[in-house]
Every structure is written in structure tokens, then in C-alpha cells.
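Every read-out reported here was derived from the displayed coordinates using simple, explicitly stated rules and does not represent laboratory data. Here the structure is a predicted model, which is why all the values come from computation and not from measurement. Neighbour counts are summed over all protein chains in view; Cβ atoms, including those assigned to glycine, are modelled from backbone coordinates with ideal geometry.
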Amino acid sequence: MPVNYYIFLSLTLFSIGVAGVLTRRNAIIIFMCIELMLNSVNLLLVAFSKMHFGNVELSMLNSNVGIEAQLFVFFIMVVAAAEVSVGLAIIVMMYRNIHSVDVNFLNRLKH
Amino acid sequence: MTVSEILFWFLSALAIAGALMMVVGKNPVYSVLWLVVVFFAISGHYILLNAQFLAIVNIIVYAGAIMVLFLFVIMLMNLNAENEPQKNRWMWLAGSVSGGTLLLVLVAALRTSELLAVQKVSEGGETGLIKTLGSVLFKDYVLPFEVSSILFLSAMVGAVVIGKKGD
């Protein structure tokens, strides 16, 4: 598989996530779109890792090239899990205070 | 077409269709379930790329833990009613045009690149196995690993403090 197919797939998923963040008003769905964007970037990192591995695979057998990208994906997943726990706590708190998760009600930070 | 190409197109179509259904779905519970479908498709891509550890972690962490947390919050707060006000259709139009324009610009910038078209991804190798990943993670990346455990601790404390009732 050429790597640009993976690039275009990731770009499509990322753009769907961006469009979702811009269109939806439900805070939970906006959050899920952010998760979708993180996952598309993860897929792109893994594809580039395997592309880099395929370049040196012929010259060096048993090389560990491209392993850092997969560890970065691992750390992105770690950070995403921590982010989700705090973000959902914030959403629960917001629902408890204003009885809605519509982000249009949250434009009052200036008051 | 080989089997891996057929699987690639099938998983790509599944991921994009799931993402679109997730964005346009009215009921948040259905959106969560479509996002689980997207995560399974991306895990299938990881398996095709021979990144087996990341495929399993993706299923366990994302589809297992994070999505269950989303479902838990949605059902706890009774948000599964379709109560999102659809007052302005212009918002949908503007968001779709913005996302589509981003996609158009990036695809147009990368479409004519000949370097990317000839670079193939490898489907073999042992970089994605848990043996090699674990040895690098616990030798060279042990400090970020420990820092991420502190991050988890602070996230846990933060979630408890934010979600606490009263005061």
C-alpha cells in the first residue's frame, strides 16, 4: 500500500472531526469528535512508522527503526485517556449547574 | 487486488462511514456506538500494518474504557433524548464548508506529490510487537512512562475534585 492512501484516509477522518466540532452544539459529541481527530493522527503516525521501517528494511535486517512513532502513539493514547476523565468530569459539573450540555449556554465566560 | 488491499478499502469505507454517522447522528448514544465502529476499523488498520500492540491497546483503551465512560455519562445524565435544538441550518452549512475546505486544501497540496506515491508502507517487521515495543519503552522511554503515571494521578485527583458535589 502506498503511504498516501493512509494520508488521505487520515485527512478525511480529521476533516470530519473538524466539521463535527464546528457544527455540533452538544458538548459530549464535540468531545467525541476530538477523540476522532486524535485517532486519525495516531493512524497517520503508525503509517509513517511503517513507511520508515520499509525504507530501511532491505538494508538492515531486524532493525528497530520506526519504533518511536508507535511509542508516541502509545503516549497519545495515555494523554487522551487522562483528558477524557477530566473533560467528562467538567461536563458532568456543567450539567449539574446549568442543566444542559449545549455549548451555546457557555458563552458567558466574560460575565 | 490482494486480500490486504480489499481489507484496506473495506476498513477505510467503514471508518469514514462510521465517522460521518457519528457526526450527523441525532441521538448521542448512537453517536458513541458509531465511534466504537470507527475505533474498531482503525484497530483493523493497525493489524494490517502489523502494529499488533497498538491495535489491542486501541480496542481496550478507546473502545473499551473511554467509550464506556462516555456511555456512562450520557446515560447517567439522561442525555439520550434527541433534544439538541436545530435552530440554525447555517451553522451546519458553515461547519461542513469549513471542514470540506480544510480537506480540499490538504488533499490538493499532497495529491501531486510523487515521493509519497512511491513510498510503500511495510506490512512485515517486528516493530509493532509487544516484545520490541516493551523493551524500548522500559529502557529508553522510562522517564516519560513515569511522568505519564504522574499525569494519570493528577487527572484522577482533578476528576474527583471537579466532580465533587457541594462547596
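Some points to look at:
- Relative contact order (%) - chain A, alpha-carbon pairs under 8 angstrom, separation at least six: 27
- Cβ-Cβ FRET estimate between B:LEU129 and B:ASN78, R0 fixed at 35 Å, reported to 0.05: 0.20
- Surface/4 of the Cα convex hull for chain B, nm²: 14.7
- For the protein assembly as shown, the mean residue ellipticity at 222 nm estimated from helices alone is -24500 deg cm²/dmol, where every DSSP H run of n ≥ 4 contributes -39500 (n - 2.57) and the total is divided by all residues, rounded to the nearest 500.
- Peptide B:32-40 - average C-beta neighbours from other chains (10 Å radius): 2
- Fewest-first ordering of B:TYR46, A:TYR95, A:TYR6 by other beta carbons within 10 Å of each residue's beta carbon gives A:TYR95, A:TYR6, B:TYR46.
- Principal semi-axes in Å for the range A:11-89 [√(5λ), Cα gyration tensor, largest first]: 32, 15, 4
- Furthest towards positive pole of dipole, A:TYR5, A:SER49, A:ILE34, structure part chain A, Cβ charges: A:ILE34
- Taken residue by residue and averaged, Cβ atoms of other chains lying within 10 Å of the Cβ of B:98-105 number 5.
- Counting neighbouring Cβ atoms within 10 Å and putting the fewest first, the residues B:ILE6, A:ILE28 line up as B:ILE6, A:ILE28.
- Projected label points at B:MET21 and A:ASN97, each 7 Å from Cα along the beta carbon direction, are separated by 3.6 nanometres.
- Average other protein chain Cβ within 10 Å of Cβ, residues B:147-160: 4
- Using a Gaussian network model of chain A in which every pair of alpha carbons under 10 angstrom is joined by a spring, one finds that among A:MET93, A:MET32, A:MET51 the greatest mean-square fluctuation is at A:MET93.
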